[in-house]
Structure formats: C-alpha cells, structure tokens
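Worksheet: one structure, shown below.
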Protein chains: 2
Amino acid sequence: MPFELYVDSLFTSPYAMSAFVALTEKGLPFTVKTVDLEAGQQKHSAYTARALTARVPALIEGDFVLTESTAITEYLEESFPAPEYIALYPKDRRQRAQARQVQAWLRSDLLPVRAERDTETVFFGKASQPLTAAGQAAADKLIHAASQLVQEGRPNLFDSWSLADVDLALMLNRLILNGDEVPQKLKDYATGQWRRPSIQQWLERHQPG
Amino acid sequence: MPFELYVDSLFTSPYAMSAFVALTEKGLPFTVKTVDLEAGQQKHSAYTARALTARVPALIEGDFVLTESTAITEYLEESFPAPEYIALYPKDRRQRAQARQVQAWLRSDLLPVRAERDTETVFFGKASQPLTAAGQAAADKLIHAASQLVQEGRPNLFDSWSLADVDLALMLNRLILNGDEVPQKLKDYATGQWRRPSIQQWLERHQPG
Ligand SMILES: [Ca+2]
Ligand SMILES: [Ca+2]
Ligand SMILES: [Ca+2]
Ligand SMILES: [Ca+2]
C-alpha cells in the first residue's frame, strides 16, 4: 500500500522536508497531502483523530499513523533497510549516534535562529531583520558546532550521506540565504547538499506548473 | 571502560534523568559528573571542547563523547541489546516507532508546560503559579494525547516498559505534583512509573546522606 505523507500546505516545515526526502531517497511510492497550518487545520478533529501530536509531518500506512519526523525516518530506515534501499543513517554505530545527536539538537535548541530566520526566508526569500543579540548568539553556537562537524572538502558529515546532512544544511541555509555571515566551508557544504535531487524535488513543490 | 554521564548539578534535567535511567536499567557501570548550569559551566571550554551541543546530558566513553539524550539512549540500546540487557525500546517495529514519537514530541512541543511547570516543581516541590491560558492549552494537549496512549490498568504504554514511559511520566508529573487537574487514569500511570527503582535512584540524588 502506498504511503501518504501529510506536510504543511506552504511546504515550509523543515521536518516535513526531512520526511519527504527520506521517502524520496528510499524510492517508496507516496502521496503528498497538505494541512493548512495558517487555517488551523492541524487542530481539526479530522487530523487530530489520527495524528497524535497534531503536527506535521504525519506518515500514513494503512491504519498506522505516525508523527514526529525522526520517528518517521527511523521507522522507514528499519522497514526498508540498506543495502536494498539507500541508508538514511550512517552504518557505523558511533557515526549513527552522532547523526541522531545532530537531528535531536536541531529540533530542540537554537530557537532564536529558528524564530528570526523562519523557513519562509529559506524557501521564499522573505525579507528579514538583522539578528537580535539572542539570534546572533544562537547563530554563533550553530556555526561553532557545524564548523567542528563539517570537514573541508568533504560533501557529507559522515562516511556517507545521511539525514543529518539534510537537517544541518537547512539550518545553515536559514543564515546563508539571508546573507548572514557564515564561514565559506559551511556555505560550500550547504550549497552542495542543496543540490541533492530529493531536496530539489521538495523545492519544486513551491513552484507548481 | 566505565561510562561517565554528565548531568546538571541540581539533577533537574528530565533529559539527564532519561539517560541516567537508561544506564541504570542496562546495569552498566557509570560515574555521574555534574555541570553547574546556573554558573554557566556548560559554556566553559572545558565542557564545550568535548560536548558538541554544550548541553546536558553528555555520555563519555573513552574518547567518544555524545550529547542529546535520545542519541545517547539509542546508542546504549544498540551497544547493549536485548535480550542480554533490558530493552529500552519496544521490540515491535511500530511500537518502537510510537515510543520514538513520544520522546521526540515531549522534547520539541508543549513549551508552556515545560516553562510554567519546570522540573524544580517536580523534584523539589517548588511553589508555582496557576497555569496561564497558553500553559493550560498545552496541558490540555498533553492530557488529550496521553489519554489516548495510556490504557486503563496497563502499567506501560507498550507491551513492555520503555523510555517513553519515563519521559511521559515525568511530563505528566509536572502537572500532577503541582496539583493541576489530571485524569485519574493518568495519575495512576505516572505514580506507577515513578516507583521504578531506576527513577527512585535518580530522585535519591536530591537527598544525599
Ligand atoms: Ca495556508
Ligand atoms: Ca538578509
Ligand atoms: Ca548551581
Ligand atoms: Ca500547585
């Protein structure tokens, strides 16, 4: 049975993007459904009756409904494992742990960057104000950690591509695509990641027709 | 080599508690080290040079340092798997996905509950103000989802105990131990979980001697 993936109707959720990329990379057939967050559709009972956390993304597989992007992508990885399918997480146990570290961190920290550089600035080029002191402090923390993770001339964080690359590139692009100061090594890394066909397929959703 | 686990010096971090419970349940030898968050020790280079995200908990295994509680507990689960060691996550693939869903959700949503019912109210009985409208709305969302997850008369969310039980019980106790209104079914569930020896060992850290 093909999957359904619920995403926000503006295609701005980085977590929906991560799940979309996961399904696309695995080569699984899926239908995209949208939830109009501005209209509050995620709080309507038609959605909440199925989606426990009333957030996007949600993965539908028959009667099984799963929210939270990392729960979805771990589930897809376990259900459609390498080598038959592309790996979403590193094979090495410690690298896999570090990839999960990056994903968990980007979802629970750096709130000022996420608020002051919301993804409409990434996907639509929406104008933004200069970073506040709190925003700059969070940007500095992001850049400091990313500079340790990203190795000059290496396209991916780990031995092979993983979803941590997708999530980190998105977070860096909040700054880069706004013209905020970011070291060249990190710009090169994010630019390279952004060319990935599965991400380009997500971006194309913004330009129908 | 025994593990080291860095936690906050007041033992109030629910994420540090989750990692502490994981190591304790697995029966692994480990030493607890503390970071004084009020004094800003987590930002000192002695800590940040090792701990990528400058947060607690951090797990140290020789030269390998890992932050973010779910990355730590997934790593422990993979390194010390069932049946030789107790399982931290459900065996069934979909139940395991749902446990991860709960963990990811509790770390990234319900901010007003986390802010207005900080864990000092859980661990030290610190007095708190009535919930604001935003706090009550988040509490209602928590109760609504938890009521779907918790089954009357069943001690755990899934077929066997998992870390999702630890995290959900902690979140519910933010309300219960403050005297906020919570359905009896959820009170019974959280009270049962709280008796678990590994959680009691964490609580005893607050009362040395
Ligand atoms: Ca809309
Ligand atoms: Ca700008
Ligand atoms: Ca202190
Ligand atoms: Ca109270």
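Quick notes on this structure:
- Cα convex hull, the protein assembly as shown: 161 Å³ per residue, rounded to a whole number.
- Cα-based Rg / Dmax (Å) for segment A:140-209: 12.3, 41
- Estimated buried accessible area (total), pair A and B, 1.4 Å, Å² to nearest 100: 3100 Å²
- Within a Gaussian network of chain A (alpha carbon springs, distance under 10 Å), most fluctuating of A:P14, A:P57, A:P83: A:P83
- Neighbours of A:A138 by Cβ distance under 12 Å: Lys/Arg scored +1, Asp/Glu scored -1, total 0.
- 1.4 Å probe, heavy atoms, protein only - residues of segment B:101-118 losing at least 40 Å² accessible area vs chain alone: B:Q101, B:W105, B:S108
- Estimated [θ] at 222 nm from DSSP helical runs (n ≥ 4, -39500 (n - 2.57)) normalised by residues in chain A, nearest 500: -15000 deg cm²/dmol
- Unsatisfied cross-links (Cα-Cα over 24 Å) in the set A:K126/A:K187; B:K26/B:K126; A:K91/B:K33: B:K26/B:K126; A:K91/B:K33
- 5 Å-binned pair-distance histogram of segment A:1-71 (Cα, whole percent): 4, 18, 31, 28, 14, 5, 1
- The Cα center of segment B:57-118 and the Cα center of segment B:137-162 differ in position by 17 Å.
- Residue by residue along A:75-86, Cβ atoms of other protein chains within 10 Å of the local Cβ number 1 on average.
- Accessible solvent surface per residue of segment B:30-99, calculated while the other protein chains remain in place, 1.4 angstrom probe, Å²: 46 Å²
- Spin-label pair B:D118-A:E152: with each label point 7 Å from Cα along the Cα-Cβ axis, the two points sit 4.3 nm from one another.
- Longest site-free stretch - chain B; sites: GluC sites (Glu not before Pro), DSSP loop, at most 14 other Cβ within 10 Å: B:85-151
- Solvent-free Debye scattering, log10 I(q)/I(0), computed from the Cα coordinates of segment B:29-110 at q = 0.10, 0.20 Å⁻¹: -0.32, -1.02
- Cα gyration tensor shape of segment A:65-209, rounded if a/c is under 1.5, else prolate or oblate by comparing a/b with b/c: prolate
The values are calculated or read from the model by the stated rules, or taken from the named source; none is laboratory data. All figures in this text were calculated on a predicted structure; none of them were measured in a lab. Cβ atoms come from the backbone with ideal geometry, glycine included; neighbour counts cover every protein chain shown. Just so you know, the surface numbers come from the protein's heavy atoms only, side chains and all, with ligands and any DNA or RNA stripped out. Shrake-Rupley method; radii C 1.70, N 1.55, O 1.52, S 1.80 Å.
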